[in-house]
1. Return only the number of the condition from (1) more than 14 Å from chain B (Cβ to nearest Cβ); (2) out of contact with any Lys or Arg (no Cβ under 8 Å at 6 or more places or on another chain); (3) surrounded by 19 or more Cβ atoms within 10 Å (Cβ to Cβ) that A:Thr174 does not satisfy.
2. Within region B:47-79, restricting attention to residues that are of a type in the set (Gly, Ala, Ser) and in a strand (DSSP E or B), which residue is nearest to B:Ile110 (Cα to Cα)?
3. Output the residue which, of all residues in region A:295-339 that are outside any helix (DSSP H, G or I) and among the small types (Gly, Ala, Ser), is farthest from A:Pro20 (Cα to Cα).
4. Condition check: closer than 25 Å to B:Gly134 by Cα and either crowded, with 20+ Cβ neighbours inside 10 Å or more than 14 Å from every other protein chain (Cβ to nearest Cβ) (or both). Does B:Arg16 satisfy that?
5. Would you check which residues across region A:73-91 are more than 18 Å from the chain's Cα centre (by Cα), touching a residue at least 60 places away in the same chain (Cβ under 8 Å) and in a helix (DSSP H, G or I) and list them?
6. All but one of (1) crowded, with 22+ Cβ neighbours inside 10 Å; (2) within 11 Å of another protein chain (Cβ to nearest Cβ) hold for B:Arg174; state the number of the condition that does not hold.
7. Within the bounds of region A:117-133, is there any residue that is under 30 Å from A:Phe205 (Cβ atoms), open to solvent by less than 50 Å² (accessible area, probe 1.4 Å) and over 21 Å from the mean Cα position of the chain (by Cα)?
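The values are calculated or read from the model by the stated rules, or taken from the named source; none is laboratory data. Only a predicted model underlies this, so the values are computations on that prediction, with no experimental measurement involved. Note: ideal-geometry Cβ built from the backbone for every residue, glycine included; neighbour counts use all protein chains shown. To get the accessible areas, we keep the full protein, side chains included, count just its heavy atoms, and leave off ligands, DNA and RNA. Shrake-Rupley method; radii C 1.70, N 1.55, O 1.52, S 1.80 Å.
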Amino acid sequence: MTVHFKQETFRDDYTYSNSPEAIRRFPFPFDKDEYMYSVNIEQHMPGPAKSPFEFPIDIDEHYVSEMRDRAITLAQDPKRCQSLPHMITAEWDLVELLMESMAKHYPELFTLTQDGDRWRWINRPLDIDQTFTFGDASTLPYPPMEYITRQCQGDFALLDQRLDNLWMDAGMITSQADWSLDFDIGMNFLEWHAPVPLAKDMAIFERALKFLLNLQQGRPVRRLNWTMTINPRLDTSPENYDKWGADRATVTPENVGRKVHLRVELQAMWRLPRSNAIVFSIRGYLINMDELVTVPKWARRFHRVLRELRPELAEYKGLTRYRQTTIDWLAKHDDGAPTSPGFQPD
Amino acid sequence: MNTDVMDSRPTYGGLRLDPRAKSHLVVVDGDGAPAVLDAFAGAEDELNRTTILCAHEDVAAGGLERLCALRAARLQLSGSSEDLLTEFERVLDGADMSVRIYVAGRESFIGKVVASAALRGVVPDSVVAERRGGVSRRVQCVHCKHIDEGVTASPYRCSGCGQHLLVRDHFSRRLAAFQGVRIDAEIPGEVPPAMELAS
């Protein structure tokens with residue numbers, strides 16, 4: 001397959017946009033006209049051709065520009081990438097998982113040659129040709145997790161398993177929905193989810209944790225999560241909230257279509273073979289309202305989801321200030337017709 | 001389960017002697033002395049293998065005399081809260097697996113002792129702690145990373161970057177701090193009146 005990589009920005013002049021093909025494959029997260037939390041975890045099985053689920057790791061038209069944006073964020077704030085010392089084995093596990101998956105499914109873009117511990121990695125889109133010794137961090141220009149996640153779309157957290165809990169002890173987090181790795185590193189599963197409203201009473205996290213503690217090697221799982229972002233900004237970190245927060249007050253009926261974005265996270269989890277840690281990948285997709293309403297079913301459905309959303313969730317997701325303006329705008333694209341079950345466009 | 005309390009904020013059950021421990025290491029701060037007295041008074045055998053560390057300038061009036069009267073095997077006084085933490089680390093570095101750690105005092109101080117012990121391989125939940133004294137919090141500004149001690153109201157002004165911060169009920173054991181986030185980021189200048197932190 002050939003991927004044409006777009007040159008675009010996720011800050012300042014915000015030139016990011018989706019091609020018609022990217023809109024068609026967007027992982028729209030609502031399979032009915034309302035939304036509430038659930039433990040919506042399923043096997044991370046190969047999905048339909050050209051969908052974001054076709055391969056375990058999805059590389060799309062935004063790859064090169066997203067990697068450039070990550071490099072800018074890291075240059076400004078190196079603490080977006082951190083790893084506690086005992087996570088080095090899990091870091092190498094991650095190198096193996098990502099390189100093997102990317103090379104297998106995108107052979108035109110990536111090549112991995114393994115000769116014992118002597119590995120050669122070729123990344124054509126980013127013009128990288130690296131020979132290194134697997135397990136010897138001194139043979140790479142960055143620590144192993146940082147090295148490979150500078151070349152792979154999505155945020156990554158590495159979770160250590162001990163004391164019947166999962167501990168977020170390493171991560172590369174540059175495109176997060178308002179949470180801080182620097183603050184949360186070292187926390188367990190229940191601690192880092194503490195700020196999420198309602199879910200605790202529903203025992204969502206206890207059940208999800210129990211499920212993940214039993215995650216098996218070779219049987220990855222996934223779920224979708226969503227929020228909204230003003231402007232196609234990847235770096236919606238709490239660290240920079242004092243800079244991007246004001247964008248939420250700039251939404252008007254005239255600019256909803258291009259400023260308001262649905263942000264979907266494809267979260268996938270793998271058990272790692274050497275460390276017994278878990279990779280938690282958070283692969284983000286952004287689509288603005290102008291693009292979203294080109295799919296009539298999604299326009300109708302998202303209007304209804306947003307209209308019925310519980311206020312606590314709207315507040316937690318930070319939508320309160322522009323929610324009504326967006327609902328009013330979407331209403332013009334909802335004729336009240338029934339929508340078909342499932343995520344896919346009609 | 002009390003759903004008003006965030007899961008990331010530790011709850012401290014109170015000092016209770018662990019008779020299985022071969023030795024006891026007790027760290028006392030501020031108003032913590034009465035909690036130690038409640039737990040250890042009269043336990044002669046246990047006191048023979050107990051070390052108490054405290055900073056004399058921080059222990060509330062009368063507390064020091066009563067700690068002395070306990071006649072623990074060892075009572076070590078430090079000049080300041082920082083020196084006390086250093087002394088605790090020194091003693092812990094020389095201790096073995098059979099020691100039980102106790103800490104009583106302000107929440108921010110307990111957090112620092114637990115974080116320091118965790119760096120030395122001690123499971124945080126194994127530290128026996130009791131919170132005594134005021135409700136002030138230690139808060140890290142998520143923007144400039146400056147840590148303010150003794151924050152008693154929210155929002156407060158960060159002494160690092162000068163921004164007005166909401167104190168979130170989100171606690172990092174590693175930093176022994178709550179998280180502060182700019183409160184008027186969306187509408188600059190719109191800062192609500194400060195409210196005393198309730199607990």
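1. Looking at each condition in turn, A:Thr174 falls short on (2).
2. Of the residues in region B:47-79, the ones of a type in the set (Gly, Ala, Ser) are B:55, B:60-63, B:69, B:72-73, B:78-79.
Going one step further and asking which of them are in a strand (DSSP E or B), we end up with B:55, B:78.
On the way: B:Ala55: 14, B:Ser78: 17 Å.
Looking at residues that are of a type in the set (Gly, Ala, Ser) and in a strand (DSSP E or B), I get B:Ala55.
3. Filtering region A:295-339 down to residues outside any helix (DSSP H, G or I) leaves A:295, A:309-310, A:317-319, A:332-339.
If we keep only those that are among the small types (Gly, Ala, Ser) too, we end up with A:318, A:336-337.
Numbers: A:Gly318: 28, A:Gly336: 25, A:Ala337: 24 Å.
By that ranking, first place goes to A:Gly318.
4. Values: closer than 25 Å to B:Gly134 by Cα: yes; either crowded, with 20+ Cβ neighbours inside 10 Å or more than 14 Å from every other protein chain (Cβ to nearest Cβ) (or both): yes.
Yes.
5. A:Lys79, A:His86, A:Met87, A:Thr89, A:Ala90, A:Glu91
6. Every condition holds for B:Arg174 apart from (1).
7. So in region A:117-133, the residues under 30 Å from A:Phe205 (Cβ atoms) come out as none.
No.
Residues checked against (1) among the charged types (D, E, K, R); (2) in contact (Cβ under 8 Å) with a residue 24 or more places away in the chain; (3) in a loop (DSSP other than H, G, I, E, B); (4) touching a His at 6+ places or on another chain (Cβ under 7 Å):
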residue	(1), (2), (3), (4)
B:Asp18	yes, yes, yes, no
B:Glu82	yes, no, no, no
B:Leu85	no, yes, no, no
B:Phe88	no, yes, no, no
B:Val91	no, yes, no, no
